[in-house]
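*Asks:* Supplied in structure tokens, the structure appears directly below.
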Amino acid sequence: MSPLRPHTVLRAVLAALAFPALAGAAGTPAGTAIRNQASTTFSPPGASDQVQVDSNAVVTTVQAVCAVSVSPDGTAARPARVQAVRAGESAVFAYTVVNAGNAAQTFALSGTVGADSTVTPPLRLVLDANGNGHPDAGEPDVRAVTLDADATAAVLLVTGGSGPGDAWVNVGAACPGGPEDTDNVSQLHVGPPADLALGKTFTPAVLSPGQETAVALRAVNGGAGDSRALVLADDLSAQAAAGLVFVPGSAAASRGSVEYSPDGVTWSAQEITPVRAVRVRVDSLAPGETLRVDFRMRAQAAAENHVIANTVTLSDGDAPLSATASADVRYTPAVALGPVGNAQASELGPDDGQSRPLAALGQTVCFDHTLLNTGDVRDAYTVTVDVAGATVTLLSADGAPLAQPVGLDPGQSAPVRVCYVPTQAGALAATVTATGARGPYNATRDVIARVEAQLPQLEKSAVATTTAPDGKAVTIPEGGTVTEGDTITYTLRVHNPYARALSGVALRDAVPAHVDVTDAGGGSVSGVPGQQVVEWTLAALDAGETRAVTLVTRVSARATDGEALLNTFTFRSAELPGTLESNRVSTAVWSARLAITKTVSATEATYGDVLTYTLQITNASATTDIRDAVITDSPVAGLAYVPGTSALDGAALADPDPAGNTLRWHVPLLAAGKTVALTYHMRVTPAASGDLVNVVEVTGTGGGGTARAVASNRATAVTKLNVLRFAPLSDIVGTVYVDRNRNGRFDAGLDTPVPRARILLAGGRQAITDDQGRYSFLNVPSGTQALRLDPGTTPYPPLNVARGGGLSGTQTVTVSGLTGVDFPLAPLGGDISALRRTTLRMGDVRVEKTVYAVDGGYAVTLTVRTPRPLTGVSLVDPLPAGAVLKDGGQTYAGTLPAGDTTLTYTFAWSGDPRNATTDPTLTWTP
């Protein structure tokens, strides 16, 4: 047989070596059959192909082997893990159980505490199903685990400390009736517990808007062991929303660093505005140690009337502690009202009241009080008085009515004067209350022990004397007048009507300015002449007593005619502090009179004649005007006043008031030292006979406050009646006007009447034009008469058109019946030229149109000249486009008589003056 080739031998060896390795593999599952067979190949001699030869097959079956492994391993000397907890805290040790055998097995698990342990903690084995190393809800406690070969299970040993000490805990796993793994010891160290407490305070807990409160956060470890790492956090966002905000830069901590958050999510060691949360982190608190955090918060206006709660939390990884405190943000309004200077006296207590022993009906009694804002916010206070039997007035410090409500800032005060006017006798008690708009109130009391029904009786009298030429003193009758150097003696009497004495009586007399004191009658005089005051002080005025004092004065050179020397005195006492005033006495001063002279224009007159009377009235006083003077004329029968003829100093004066046979003119003022002239006309009537006597006198009122009438002397004028002077009479009428177009004819609407111009008639008569420039002279003897315009009564010069436009103020006319005499005056600006004159001819009928420029527009004159009457007439004079008719009319319809018919009108227009004239149209029925 040929020897084997090398490669054939190699295959047989490898097969033999592989068998024992396969049969002994630890991870091979139990029951696995291992089959082994050897083979070889060779080349027979002389053959080219290989030949394989196989051995017999050997089959081996793997038996079940149980093996378990628990990790990590550890011993009491070298524990697998070490955890330190505090009493009451939990500890978790994570283990892994491995089936190291080759068949599925159920392994018994056990947790044990070593014999050398000083504490015996409770033990739990929990299957960590999710492998996160923490016992979770739903994960069961286990005493055994079933694992396939090579499978693992995560098991947690959960334990905890019930007291200080050490425990060696172990987790074991065992095969059923076979090997086990129990060298997995870990150490649990249980330290003394920390006892944490947390608190928060606001100081002050009650504050007003604008104020700040100090916030104190306190975390204290009251236990025997150190705490874990702590986070002390305060969320301030809800407080800020309510108006209580963090004060920047105010936070400080006793340990650690303060962190800030603007939103409660992001944190920074730098303060970020706005601060909505603060916190402090520390690694631990030792037994007895306190972690302090302080900061301030400010109450804004929005926080008013809110109780703002806040909760701080302390977290060490377990359930956090919390503490809540509240800040009450509100104002504390308060008010005090009491006697002046003692506003905070106990309300309605012995010191919180004022009293007066005596008052009288109708007299004012005042009590002064102080109103004080004792709160911390501005308030507006209303003061009310509850009283019966009196009217009440509230006054401020300046005596003006108290303006309510009274606004006061905290600590500010205001005086309040309460004045009573008793309306019934007896005692008076009043409660005065101040009530704030925010609710607080406070009251005080005013008392008057006795209100009397009557007042002390005061009387003042005056006696005036003058020095006669023989040097003797002569008493001036009551109501008489005094002059410089005369003496006035004043007597002051006061009577006490009460059953009790009055003390501290003070009498005061403010002497009239124009007398000087010569004897004060035991009183004290103060002030300079013209401002003197005399005062008398009486220690007491007994019950029922009457006391009198006298004061002698002299009328000084300062006194003026018509003045009234007025004097009163006043009374006060300690019991009646209100001022009582006596009656007033008045003494008139006068040294001059009114003087009057009267003249008449003719010494003889006949029926129908008009007489002109002239009164010269002189106020002889050098100092005092006479006001509301009344001039009274008492003419005899046969003299009749001519209406409209009265003039005072040349100016028209209203007609007198007729009263029976008298005439009364009223003159507002007769100036001191001045003379006025009054003229008026009287006509002689058929009732006249004998001498025509006319008597006039003047009365008035002197100035200086007296109503004393002052009379003049009487003035008389006499005219003899001479019936042989009777002659035919005529009337003159006329108009004074500005002749704008110098045509010598008064054109209504164009020419300007001149009122209050004076026309003089030869013989002394005069007339004043009315508002239309008209005047008249009635009952003028027929024949030649001369009239003159007074040039001082008009700014326009006269214009005599008849003499070629020359100026003349005098006209001589022949008067017969009703005679008209006009006075045309020249315009100051020269002639007013017509803008345009137009003549429209239709046969023997003509229409003449003239347009003038006047103030405010244009004046138009239309004259229709016809030798015969026209019927069915239609005259139309159109206005320029845009013009506005002001007065008059530019149209006519109807019948025109023979002769001249004139229409006038004015219009306003702002156009080109060259276009101001239009052409009229005229039609009529033939």
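*Asks:* Show which lysines lie in cross-link reach of LYS598 when reach means a straight Cα distance below 18 angstrom and same-chain residues fewer than eight apart are skipped.
*Replies:* Filter leaves LYS674, LYS720.
*Asks:* Then there's this: If you project the alpha carbons of the stretch 68-191 onto their three principal axes, what span does each projection cover, largest first, in Å?
*Replies:* For the stretch 68-191, the Cα extents along the three principal axes come out at 44, 32, 19 Å.
*Asks:* Expected output is a single nm value to one decimal: the length gained when fully extending between THR537 and VAL58, i.e. 0.36 nm times separation in residues minus the C-alpha distance. What is it?
*Replies:* 156.5 nm
*Asks:* Let me ask something else about it. Need one number for the stretch 335-452: average projected area of the convex hull over its C-alpha atoms, nm².
*Replies:* Hull-based average projected area comes out at 6.6 nm².
*Asks:* Could you grab the relative contact order for the stretch 458-578? Cα pairs under 8 Å, six or more apart, rounded to a whole percent.
*Replies:* Answer for the stretch 458-578 is 32 percent.
*Asks:* Quick check: residue separation of THR623 and THR393 times 0.36 nm, minus the Cα distance between them. What number comes out in nm?
*Replies:* 78.4 nm
*Asks:* Return the aspartates and glutamates within reach of LYS460: Cα separation strictly under 12 angstrom, same-chain partners fewer than 8 residues apart disregarded; answer none if there are no such residues.
*Replies:* Reachable aspartates and glutamates: ASP509, GLU581.
*Asks:* In deg cm²/dmol and to the nearest 500, what is the mean residue ellipticity at 222 nm of the chain if only DSSP H runs of at least 4 residues count, each as -39500 (n - 2.57), divided by the residue total?
*Replies:* Value at 222 nm, helices only, nearest 500: -1000 deg cm²/dmol.
*Asks:* Rounded to two decimals, what is Rg over Rh for the stretch 196-329 when you use alpha-carbon atoms and the Kirkwood radius?
*Replies:* 0.98
*Asks:* In addition: If Lys and Arg each add +1 and Asp and Glu each add -1, what is the summed charge of the other residues whose beta carbon sits under 12 Å from the beta carbon of THR465?
*Replies:* +1
*Asks:* I need the phi-derived Karplus couplings for the stretch 547-563: 6.51 cos²θ - 1.76 cosθ + 1.60, θ = phi - 60°, integer Hz, Gly and Pro marked x.
*Replies:* 10, 10, 10, 10, 9, 9, 9, 10, 5, 8, 5, 6, 5, 10, 4, x, 6
*Asks:* Across all directions of projection, what mean area in square nanometres is found for the Cα convex hull of the chain?
*Replies:* 109.3 nm²
*Asks:* For an R0 of 30 angstrom, estimate the FRET efficiency from the Cβ-Cβ distance between THR871 and ALA748 and round to the nearest 0.05.
*Replies:* The value I calculate is 0.70.
*Asks:* What net charge do the residues around PRO415 carry, taking every other residue with its C-beta under 13 Å from that of PRO415, with Lys and Arg at +1 and Asp and Glu at -1?
*Replies:* For residues surrounding PRO415, the net value is -1.
*Asks:* So what is the relative contact order of the chain, in percent, for Cα pairs below 8 Å that sit 6 or more residues apart?
*Replies:* Over the chain, the number comes to 5 percent.
*Asks:* Could you tell me how far the Cα centroid of the stretch 742-803 sits from the Cα centroid of the stretch 303-318, in Å?
*Replies:* 106 Å
*Asks:* Could you give the spread of the C-alpha atoms of the stretch 834-925 along their three principal axes, from largest to smallest, in whole angstroms?
*Replies:* 39, 20, 19
*Asks:* Further question on the same structure: What relative contact order, as a whole-number percentage, does the stretch 239-369 give when Cα pairs under 8 Å and 6 or more residues apart are counted?
*Replies:* Rounded, it is 19 percent for the stretch 239-369.
*Asks:* Then there's this: Work out, step by step, the length gained on full extension between ALA659 and GLU347: first 0.36 nm times the residue separation, then minus their alpha carbon distance; give nm to one decimal.
*Replies:* Separation in residues times 0.36 nm, less the Cα-Cα distance, equals 104.9 nm.
*Asks:* Please list, in chain and number order, the residues 5+ apart from GLN766 or on another chain whose amide H is under 5 Å from its amide H, with Hs placed from the backbone.
*Replies:* LEU761
*Asks:* How would you order 672-680, 414-422 from highest to lowest mean count of nearby Cβ atoms within 10 Å?
*Replies:* Those peptides, ordered most packed to least, come out 414-422, 672-680.
*Asks:* Estimate the FRET efficiency between THR475 and THR431 by the formula 1/(1 + (r/R0)^6), using the beta-carbon distance for r and 56 Å for R0, to the nearest 0.05.
*Replies:* The pair THR475/THR431 has a calculated efficiency of 0.45.
*Asks:* Further question: How would you order 518-524, 657-663 from highest to lowest mean count of nearby Cβ atoms within 10 Å?
*Replies:* Taking the mean over residues of other Cβ atoms within 10 Å, the ranking is 518-524, 657-663.
*Asks:* Could you give the dipole magnitude of the chain about its Cα centre, charging the beta-carbon of Lys and Arg +1 and that of Asp and Glu -1, in debye to the nearest 20?
*Replies:* So the magnitude is around 3800 debye.
*Asks:* Still on this structure: Taking the Cα centre of the chain as the origin and placing charges on Cβ (Lys, Arg +1; Asp, Glu -1), which of TYR641, VAL312, VAL126 is farthest toward the positive end of the dipole?
*Replies:* Looking along the dipole axis, the top candidate is TYR641.
*Asks:* If we sort 610-621, 290-301 on the protection proxy, mean other Cβ atoms within 10 Å, highest first, what's the order?
*Replies:* The most tightly packed comes first, giving 610-621, 290-301.
*Asks:* So, counting K/R as plus one and D/E as minus one, what does the shell of residues with Cβ under 14 Å around VAL667 add up to?
*Replies:* -4
Every read-out reported here was derived from the displayed coordinates using simple, explicitly stated rules and does not represent laboratory data. From a predicted model like this one, the values you see are computed outputs, not experimental measurements. Every residue, glycine among them, receives a Cβ derived from its backbone with ideal geometry; neighbour counts consider all protein chains shown.
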